[in-house]
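Colleague: Please read through the structure below; I'll follow up with questions.
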Amino acid sequence: MLVVPSIDIANGRSRIVYWPGASTGVGAPTDRPERIAERFVEFGATLIHIVDMDGARAGHPANLEAMGRVASRVAVPLQVAGGMEAADNIRLAFAAGATRVVVSMALADDPQRLHECLAVAGSWLAVGLDQRPNRIAAYPWRRTAPPSLVDLAGELVDHGVARLVLSHGAAVPDLGFLAELARNVRAELFVAGGSVDIEAIKGLRDAGVAGIILGEPFLTGAVDFAKALEAAA
């Protein structure tokens, strides 16, 4: 299972200051995304996830220069979320150095735009889904009734989506549900966030999840990245 560090970028900087030596006073803190990405790659990361927080609000990429700096400093794929919900937006991100994108659940209700995005990104496009039923039910769907997450995942796969990113907020991932979903949906499943510790990472691995994406727990040291890699192996 992949262990993927996530960096939230606002105004070109990481939302969270990263200081891997905070407990010992070694090293220096930084909020520069490219330096943070470099450190995680040095520690063994094989994929970096970036959330363009300004882009998510604006509806289009807003931190392209920061993406470019990260891409120029690390030799691993760069996955970007936030403001990616249009083919031209994805082209801008790719031109800046991104190699993968995550689009929002909104495209599940807009098949034409979804296909336009797939035409640009192909199998490197993932759709982010909120696993919490109340969030899915509250979304303003253009259909008569809200879909279930399982039905939504099936629809997206039928459209050609090969990767899904399931967010949990601060909730604990439901390992039984994820294992069943991994068995029945023909797509790679990534879990983003949630209340996760080393034991939970082992559980996600055993459930057949393809990757775990974590930001603040890794950046603050609440979850040790090296131990997470060991648990996911």
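Colleague: Let me check the size of region 22-142 from its C-alpha atoms; what are the radius of gyration and Dmax in Å?
Modeller: According to the Cα coordinates of region 22-142, Rg and Dmax are 16.1, 53 Å.
Colleague: Please list, by residue number, everything in region 160-189 whose backbone N is under 17 Å from a paramagnetic label point 7 Å out along Cα→Cβ of Asp206.
Modeller: Of the residues in region 160-189, 173-183 have backbone N under 17 Å from the label point off Asp206.
Colleague: Send over the per residue convex hull volume for the chain, Cα only, as a whole number of Å³.
Modeller: Convex hull volume per residue, Cα atoms: 112 Å³.
Colleague: Which one, Thr220, Leu64, His159, is farthest towards the positive end of the dipole of the chain when Lys and Arg carry +1 and Asp and Glu -1 on their Cβ?
Modeller: In the chain, that residue is Leu64.
Colleague: In addition: Below 12 angstrom from the Cβ of Pro217, what's the summed charge of the other residues (Lys, Arg +1; Asp, Glu -1)?
Modeller: Cβ neighbours under 12 Å give a net charge of -2.
Colleague: A further question follows. What is the angle, in °, between the Cα long axis of helix 33-42 and the longest principal axis of the Cα atoms in the chain? Nearest 10 is fine, range 0 to 90.
Modeller: 80
Colleague: Let me ask you something else. How far apart, in nm, are two points set 7 Å out from the Cα along the Cα-to-Cβ line at Leu2 and at Leu175?
Modeller: The answer from the label model is 2.3 nm.
Colleague: Mind giving me the FRET efficiency for His159 and Asp197? R0 is 35 Å, r the Cβ-Cβ distance, nearest 0.05 is fine.
Modeller: My answer for the efficiency is 0.50.
Colleague: Just report the Cα centroid separation between region 14-86 and region 144-216, whole Å.
Modeller: 23
Colleague: Could you state the angle between the C-alpha long axis of helix 111-121 and the longest principal axis of the C-alpha atoms of the chain, as a value from 0 to 90 degrees rounded to the nearest 10?
Modeller: The two axes meet at around 40 degrees.
No value in this document is a laboratory result; all are computed from the given coordinates. This structure is a prediction, so every number in the text was calculated from the model and none was measured. Note that we place each Cβ from the backbone using ideal geometry, even for glycine, and neighbour counts take in every protein chain shown.
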